[in-house]
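Heads up: the structure comes next, in structure tokens.
The values are calculated or read from the model by the stated rules, or taken from the named source; none is laboratory data. All values reported here derive from a predicted model rather than from experimental measurement. Note that we place each Cβ from the backbone using ideal geometry, even for glycine, and neighbour counts take in every protein chain shown.
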Amino acid sequence: MRMNSKAMLLGLSMVVWGAAAPLHGQLLQPSTAAATAPNPLNDPTVKPGKMVLFDLEARFAKDVLEKGGAGFAEWFAEDGVALGNGQPPKVGRVAIAKSAAWSPKDYQLIWTPTDATMSAAGDMGYTWGHFEGHSKDANGNPVVTSGRYITIWRKQPDGAWKVVLDAGSNEPAEAGDCCKLPVGS
């Protein structure tokens with residue numbers, strides 16, 4: 001899900017692809033505006049599969065926040081794939097780990113899942129939402145990239161869940177509010 005390229009876009013591409021700053025990071029708390037919208041986790045009819053996927057995202061984000069690129073790569077299946085803007089696919093956990101060599105002090109990837117869907121069999125699912133990548137340019141000025149991501153999860157034979165595909169798309173600066181994370185997060 002984290003170098004100028006867990007980033008997953010420019011932000012995601014930045015981290016995953018090893019360019020100037022490092023990806024995927026921390027779940028954000030909803031803003032006041034977002035708090036007025038229905039929260040699927042407070043919905044008594046929410047399916048258990050969605051709860052599983054949201055929990056996986058929270059744990060994934062925590063590891064990336066604490067460990068940077070190493071935490072990002074750890075969540076991938078051996079045959080996982082990371083896709084970033086304008087970058088060749090990174091196929092396999094080893095290739096992803098090599099490209100996600102950023103420190104959490106140099107790059108922070110934060111994201112909020114918007115929704116999640118679990119397969120009927122309960123062995124695969126996906127999450128999608130918005131992300132932001134925070135780093136600094138060569139002069140020490142803050143750089144923020146934002147966009148959308150999708151993460152596909154697969155339950156492994158040992159019962160652990162792993163990322164099999166993580167992809168992101170940066171939004172242009174002039175995209176307006178479409179890809180901004182909630183304020184106060």
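If I filter the range 89-97 for residues that are at pLDDT below 95 and within 23 Å of residue 154 (Cβ to Cβ), do I get at least one hit?
Scanning the range 89-97, I find no residue that is at pLDDT below 95 and within 23 Å of residue 154 (Cβ to Cβ), so the answer is no.
Only one of 155, 136 is more than 20 Å from residue 63 (Cα to Cα) and basic (Lys, Arg); which?
Going through 155, 136 in turn, just one is more than 20 Å from residue 63 (Cα to Cα) and basic (Lys, Arg): 136.
Can you find even one residue in the range 154-165 that is among the aromatic types (Phe, Trp, Tyr), under 27 Å from residue 77 (Cβ atoms), assigned to a strand (DSSP E or B) and modelled with pLDDT under 95?
no
Report the residue count in the range 109-133 for those that are closer than 24 Å to residue 68 by Cβ, crowded, with 21+ Cβ neighbours inside 10 Å and at pLDDT 95 or above.
Count: 1.
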